[in-house]
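Asks: Take a look at this one; I'll ask things after.
The values are calculated or read from the model by the stated rules, or taken from the named source; none is laboratory data. Note that this is a predicted model, so its numbers are computed, not measured. Here Cβ is always computed from backbone atoms with ideal geometry, including for glycine, and neighbour counts include all displayed protein chains. In case anyone asks, the SASA skips ligands and DNA or RNA and just uses the protein heavy atoms, side chains included. Shrake-Rupley method; radii C 1.70, N 1.55, O 1.52, S 1.80 Å.
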Amino acid sequence: KPPRVSVRELIARGALSVGQALYLDTPECVVIVQENGDVAYGEITGSIHKVARTLKQTPSCNGWKHWSFLDADGQPHLIDILRQRVNADVP
């Protein structure tokens with residue numbers, strides 16, 4: 001199993017930015033990355049997993065597989081790719 005990587009670590013390594021938008025697959029929602037590594041959707045704040053679980057109304061949710069970011073060309077990619085890059089130590 002690859003080492004765990006947090007959203008906070010992605011921010012520290014420059015893979016995500018505070019204030020950056022992340023996009024949920026369904027239902028379509030946009031959250032904002034917070035300085036502490038949480039995400040915020042209106043009054044709902046927490047980890048990528050907790051917020052996705054709340055918005056999807058499911059008992060559990062792996063946020064890495066449901067949140068996307070937009071690259072420089074505006075193309076969406078799952079945030080899991082950022083975690084994989086950090087684990088591989090790829091910029």
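Asks: Hey, how much of the P(r) for the chain falls beyond 24 Å, as a percent of Cα pairs?
Replies: Summing the P(r) tail past 24 Å for the chain gives 13 percent.
Asks: Whenever you get a sec, compute what percent of the accessible area on the chain sits on carbon and sulfur atoms (1.4 Å probe).
Replies: Carbon and sulfur: 50 percent of the exposed surface of the chain.
Asks: Pull up the cross-link candidates among the aspartates and glutamates for residue 56, meaning alpha carbon to alpha carbon under 12 Å and not fewer than 8 places away within one chain.
Replies: Hits, sequence-local ones excluded: 25, 28.
Asks: Counting heavy atoms of the protein chains only and a 1.4 Å probe, report the per residue accessible area for the chain as a whole number of Å².
Replies: Values: 5690 Å² over 91 residues.
Accessible area per residue, the chain: 63 Å².
Asks: Express in nm, to one decimal, how much length is gained between residue 1 and residue 36 on full extension, taking 0.36 nm for each residue of separation and deducting their alpha carbon distance. List each step's numbers first, then the result.
Replies: Numbers: separation 35, 0.36 × 35 = 12.60 nm, distance 2.51 nm.
Fully extending the segment from residue 1 to residue 36 adds 10.1 nm.
Asks: For the stretch 36-42, what does the Karplus curve 6.51 cos²θ - 1.76 cosθ + 1.60, with θ = phi - 60°, yield as ³J(HN,Hα) per residue in whole Hz, taken in order and with x for Gly and Pro?
Replies: 7, x, 6, 10, 10, 10, x
Asks: Would you mind working out the magnitude of the charge dipole of the chain relative to its Cα centre, with +1 at each Lys and Arg C-beta and -1 at each Asp and Glu C-beta, to the nearest 20 Debye? Numbers along the way, then the final one.
Replies: Working: 10 positive and 10 negative charges, 87 e Å.
Dipole of the chain, to the nearest 20 debye: 420 debye.
Asks: Given a 1.4 Å probe and the protein chains all in place, what does the accessible area of residue 45 round to, in Å² to the nearest 10?
Replies: Only protein atoms counted, so the area is about 70 Å².
Asks: A further question on this structure: When Lys and Arg each count +1 and Asp and Glu each count -1, what net charge do the other residues less than 12 Å away from residue 87, Cβ to Cβ, add up to?
Replies: Numbers: positive: 1, 4, 13, 83, 85; negative: 9, 80, 89.
Summing Lys and Arg as +1 and Asp and Glu as -1 gives +2.
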